[in-house]
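**Student:** Would you mind keeping the following structure in view while I ask a few things?
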Amino acid sequence: MIFEVRTYLLKPGTVPQAEEAFAVALPERVKLSRLAGFWRTEVGTLNQIIHIWPYKDLNERDRIRAEAVEKKIWPPKIADFILEMESKILHPAPFSPHFEPGEHGSLYEFRTYTYGPGAIPKVVEEWTSRIKERSAVSPLIFAGYTDIGALNQWVHVWAYKNMGERERLRGEAMKSPNWPPPRHPSVSRQQSIFAVPAKFSPLR
């Protein structure tokens, strides 16, 4: 399974209109394949929307996207709002949840770590033995690595009720000698974005 993460930077003040346009178009689009989640950023780069789509593989992605365009049910009418668009294809780690629908809180943290070439297998290995204990503290929504788009990125998504709960639970997790995993020497960048799910998001 693959996951397409699409991030759009919108003109200031247009995020509510973009969400509304998605809500209008979405019922027909999800007849073709499911939406994993939809969020707007609150901390980090502002005026962004993030939407994630699971597919069996790239062939299924291409077929479904072409069908949606052919039927004129997608994309939603937001072209006038968009400043930049980014798409990444992620593979889940063996231990990762698959963005299953659920209600976990009103704040989702998207953490992206960039490593040197060849480091991702070691990152997966280090996480595999530790993630069960960590996810018992707060739910892991997804962890995986990029295959198309910016390469050598490790993306992990966590859900919290609010920022206060995040600080408390992260502090609790850090008490364990097993967390965080050892920092790989090739890590060059770490980014964290906090986002709020839309009302129609399957994950919220």
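Only the coordinates and a few stated rules stand behind these numbers; no lab work does. Here the structure is a predicted model, which means the values were calculated and not measured. Positions of Cβ are generated from backbone atoms using ideal geometry, with glycine treated the same way; all protein chains shown enter the neighbour counts.
**Student:** In the neighborhood of Glu4, defined by Cβ-to-Cβ distances under 15 Å, what is the net charge if each Lys or Arg adds +1 and each Asp or Glu adds -1?
**Tutor:** Details: positive: Arg6, Arg29, Arg34, Lys56, Arg61, Arg63, Arg65, Lys88; negative: Asp57, Glu60, Asp62, Glu86, Asp147.
Its environment carries a net charge of +3.
**Student:** Would you work out the charge dipole size for region 42-93 about its Cα centre, treating the Cβ of every Lys and Arg as +1 and the Cβ of every Asp and Glu as -1, and quote it to the nearest 20 debye?
**Tutor:** Numbers: 8 positive and 9 negative charges, 44 e Å.
In debye, rounded to 20, region 42-93 gives about 220.
**Student:** What is the spin-label model distance, in nm, from Arg6 to Trp179 if the labels are put 7 Å beyond Cα along the C-beta direction?
**Tutor:** Each label point lies 7 Å from its Cα, and together they span 3.3 nm.
**Student:** Run lengths n ≥ 4 of DSSP H only: what is the helix-derived mean residue ellipticity at 222 nm for the chain, with -39500 (n - 2.57) per run over all residues, to the nearest 500?
**Tutor:** -8000 deg cm²/dmol
**Student:** Just name one of Ala173, Asn152, Ser188: the one whose Cα is farthest towards the positive end of the charge dipole of the chain (beta-carbon charges, Lys/Arg +1, Asp/Glu -1).
**Tutor:** Farthest towards the positive pole: Ala173.
**Student:** Compute the separation of the alpha-carbon centres of region 175-204 and region 64-119 and state it in Å as a whole number.
**Tutor:** After rounding, the separation between the Cα centres reads 15 Å.
**Student:** Beyond a 25 Å Cα-Cα separation, which of these cross-linked pairs lie in this structure: Lys31/Lys132; Lys11/Lys31; Lys88/Lys175; Lys11/Lys77; Lys88/Lys161; Lys175/Lys199? Walk me through the intermediate numbers first.
**Tutor:** On the way: Lys31/Lys132 34 Å; Lys11/Lys31 29 Å; Lys88/Lys175 33 Å; Lys11/Lys77 14 Å; Lys88/Lys161 27 Å; Lys175/Lys199 35 Å.
From the list (Lys31/Lys132; Lys11/Lys31; Lys88/Lys175; Lys11/Lys77; Lys88/Lys161; Lys175/Lys199), the Cα-Cα distance tops 25 Å for Lys31/Lys132; Lys11/Lys31; Lys88/Lys175; Lys88/Lys161; Lys175/Lys199.
**Student:** Another one. Pairwise over distinct Cα atoms, reciprocal of the mean inverse distance: report the Kirkwood radius of the chain in Å, one decimal place.
**Tutor:** Numbers: mean 1/r = 0.0562 Å⁻¹.
Hydrodynamic radius (Kirkwood, Cα only) of the chain equals 17.8 Å.
**Student:** Pop a pseudo-label 7 angstrom from the Cα along the beta-carbon direction at both Leu151 and Ile82 and give the gap in nm to one decimal.
**Tutor:** Here the modelled spin labels are 2.5 nm apart.
**Student:** Also: In percent, what relative contact order does region 2-197 have, based on Cα pairs under 8 Å that are 6 or more apart in sequence? Don't skip to the end; give the middle numbers.
**Tutor:** On the way: 356 pairs, mean separation 54.7, N = 196.
Once divided by the residue count of region 2-197, the mean separation gives 28 percent.
**Student:** I've got another one for you. Among residues other than Val15 whose Cβ falls under 12 Å from its Cβ, what is the net charge (Lys/Arg +1, Asp/Glu -1)?
**Tutor:** -1
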